[in-house]
Amino acid sequence: MPLRSLLKALLALLSVGSFCLAAEPAASNSSTRIVFIGDSITGQGGGWRGAGYVFKMREALSAVYPEGTHDLVPLGGSGMGVDAWLSVLKDEAKQKQDLDVKGVQIDTALSQPADRLVVMLGMNDVLAPYVRGDTDDGLAKWEAKYRELIGLLRTQLRPKFIALATITPQTEDPETPMNRVLARMNQRIEALATELKASVLPTNAMYWKVLAQARKTQADFTLARDRIHPQQTGHIVVAMAMLKGLGEEKAAAWLREERLAVALANLPTTAAPPAPPPWLVTSGLILRPWQGQPVDADLAPNPIDLAIERGEDFTQTSAKEGGAPLKWRTFQSSINLTDGANPGSVDYAGITYALAFEAGYGARWIHSATARRLKLDLKSSGVGSMIHLTVWLNGQRQYVGLITKEPQRHTTREIELRPGWNVLVFKTCHRTWQWQQALHLTELDGSAPQGLDYRASAPPK
């Protein structure tokens, strides 16, 4: 064999050998450096009141390996997805900054080799969304970029061990459109890990397992109050899953027994809240891109708006002249969605894989035996969202504006119900991120009104 060919063969063998070593964890009883690449969950993990998952991992490793030195580096940035991280790695100027954890500059953190590299990305890619994750083509493009990202990180950090964390849920209902997409993305993460001889960290599976366990005691328990970012117990769960996937069984067991077991043992015993009244909802209207608020043409009354104001059957009216009517369905909020079982909440995460600039409608029929004055309470919850609302009662506009720009995303209107059936309808135009609003009737003093009946379909005439 020619010398040049022999050298190429030896280099190839060395490359394969060193790559296979990536599947072997570094010894935890000695010094080890772990670099985490992620989004705001990782940012919280290393910066949130000492309670984030990076703190929990460090605490567990120090407890079982007190002689070891564990340098855990959280590079988590709010709003970042796979493509955003690719952009950072390809532009040195973008690396001269801190992300969510102040004092951890990107270029400094990436300038030193890592014993272990942990990547947990994907939440923002569906939440914004940055990718058409509801299509095979969109998922394939996302996976290709994820593969490219790992390649760049390997070159820069030269890790001995690479681990890919599965994406934790967005809402706590596995059957929501986004969670179904996340399940498919996690399958691709697992396949990619096999291809790259990396390890899989079971953060998603551990989340569902502990959530089910906790709800046997506290029926409305949540691991993420905003249904995205884990709270303290949620970070313990993420840390346990990461340690387990990294081969740190002793540290994972310590965290389970010393931290998780204590948190679960102190849960109050509660029953599930009653199911809230239903809504009739629809979505799928894609508006032109907007910044401050939807453009005037999008806010101008369309055939559905006009039917609402004329007291006609708006559910059989198309949004555009000559088009087919939208598909309407019943919806009830639940403890799994943003704002939980709030009686007036409509979280479109439970309805659609929300695309940027998507709009929709919601309607509810309310029966009152007498005329009465009440308060219409309007609010929105969610991360980074921008939502424009139009609200009608019996065809009369009660509110038009950006609910997310109201003080504390909350406002009220006094309204008057007439005797018999009343129809409350809203039109919601959302830009990106979470898409939730609540429209709830109260007495003028804020107490719950009595004697009202609700339904999600027009009563017979």
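I'd like the Karplus ³J(HN,Hα) series for region 137-152: coefficients 6.51, -1.76, 1.60, θ = phi - 60°, whole numbers in Hz, and an x wherever there's a Gly or Pro.
5, x, 5, 5, 5, 4, 4, 4, 5, 4, 4, 5, 4, 4, x, 5
In what sequence, highest mean first, do 127-136, 72-81 appear when ranked by Cβ atoms within 10 angstrom?
72-81, 127-136
Using the heavy atoms of the protein chains alone and a 1.4 angstrom probe, what is the accessible area of region 280-435 per residue in square angstrom?
41 Å²
Taking N as the number of residues in region 106-168, what is its Cα Rg relative to 2.2 N^0.38 Å?
1.25
Taking H placed 1.01 Å from N in the peptide plane, check which residues at least 5 places from residue 319 or on another chain put their amide H under 5 Å from its amide H.
326
As a check on your grasp of the helix formula, calculate [θ] at 222 nm for the chain: sum -39500 (n - 2.57) over DSSP H runs of n ≥ 4, divide by the residue count, round to the nearest 500.
Counting only the DSSP helices, I get -9500 deg cm²/dmol.
Residue by residue through region 36-52, what is 3J(HN,Hα) from phi via Karplus (6.51 cos²θ - 1.76 cosθ + 1.60, θ = phi - 60°)? Round to whole Hz and write x for glycine and proline.
With coefficients 6.51, -1.76 and 1.60, one gets 9, 10, x, 10, 5, 5, 6, x, 4, x, x, x, 8, 6, x, 10, x Hz.
Rounded to two decimal places and with Rh computed the Kirkwood way over Cα pairs, what is Rg over Rh for the chain?
Rounded to two decimals, Rg over Rh is 1.05.
Check which residues have an amide H placed less than 5 Å from residue 457's amide H, if you skip close sequence neighbours.
Here 365 satisfy the definition.
Normalised radius of gyration for region 289-423, please: alpha carbon Rg relative to 2.2 N^0.38 Å, two decimal places.
The value comes to 1.09.
Take the Cα atoms of region 61-138, find their three principal axes, and give me the spread along each one in whole Å, biggest first.
49, 32, 20
With angles folded into 0 to 90 degrees, how steeply does helix 177-195 sit against the dominant principal axis of the chain? Use alpha carbons for both and round to 10.
For helix 177-195, the angle is close to 10 degrees.
As an exercise, use a Förster radius of 22 Å and the Cβ-Cβ distance of residue 453 and residue 313 to find the FRET efficiency, rounded to the nearest 0.05.
Once rounded, the FRET efficiency stands at 0.60.
Quick check: pseudo-label points 7 Å beyond the Cα along Cα→Cβ at residue 78 and residue 414, how many nm apart are they?
3.8 nm
Give me a comma-separated list of calculated 3J(HN,Hα) values for region 86-99, in order, Karplus coefficients 6.51, -1.76, 1.60 applied at θ = phi - 60°, integers in Hz, x for any Gly or Pro.
4, 4, 5, 5, 8, 9, 4, 4, 6, 8, 8, 7, 7, 9
What is the Cα centroid distance between region 70-107 and region 370-388, reported in whole angstrom?
Region 70-107 and region 370-388 have Cα centres separated by 37 Å.
Quote the relative contact order of region 230-333 in percent (integer), defining contacts as alpha-carbon pairs under 8 Å separated by 6+ residues.
So the answer I get is 24 percent.
Enumerate the amide H contacts of residue 422 below 5 Å, restricted to partners 5 or more residues apart or on another chain; note that Pro and chain-start residues carry no placed amide H.
For residue 422, the qualifying residues are 366, 367, 368.
Quickly rank 317-323, 280-286, 57-63 as a protection proxy: mean count of other C-beta atoms within 10 Å, highest first.
Ranking the peptides 317-323, 280-286, 57-63 by packing returns 57-63, 280-286, 317-323.
Straight-line reach from residue 160: which lysines fall under 28 Å, measuring Cα to Cα and dropping same-chain residues less than 8 apart?
8, 56, 90, 94, 96, 102, 141, 145, 197, 244, 250
At 1.4 Å probe size, put 361, 65 in order of accessible surface, largest to smallest.
65, 361
The values are calculated or read from the model by the stated rules, or taken from the named source; none is laboratory data. Just so we're clear, the structure is a prediction, and the values are computed from it rather than from any experiment. Note that each Cβ is placed from the backbone with ideal geometry, even for glycine, and that neighbours are counted across all protein chains shown. All accessible areas refer to the heavy atoms of the entire protein, side chains included, with ligands and DNA or RNA removed. Shrake-Rupley method; radii C 1.70, N 1.55, O 1.52, S 1.80 Å.
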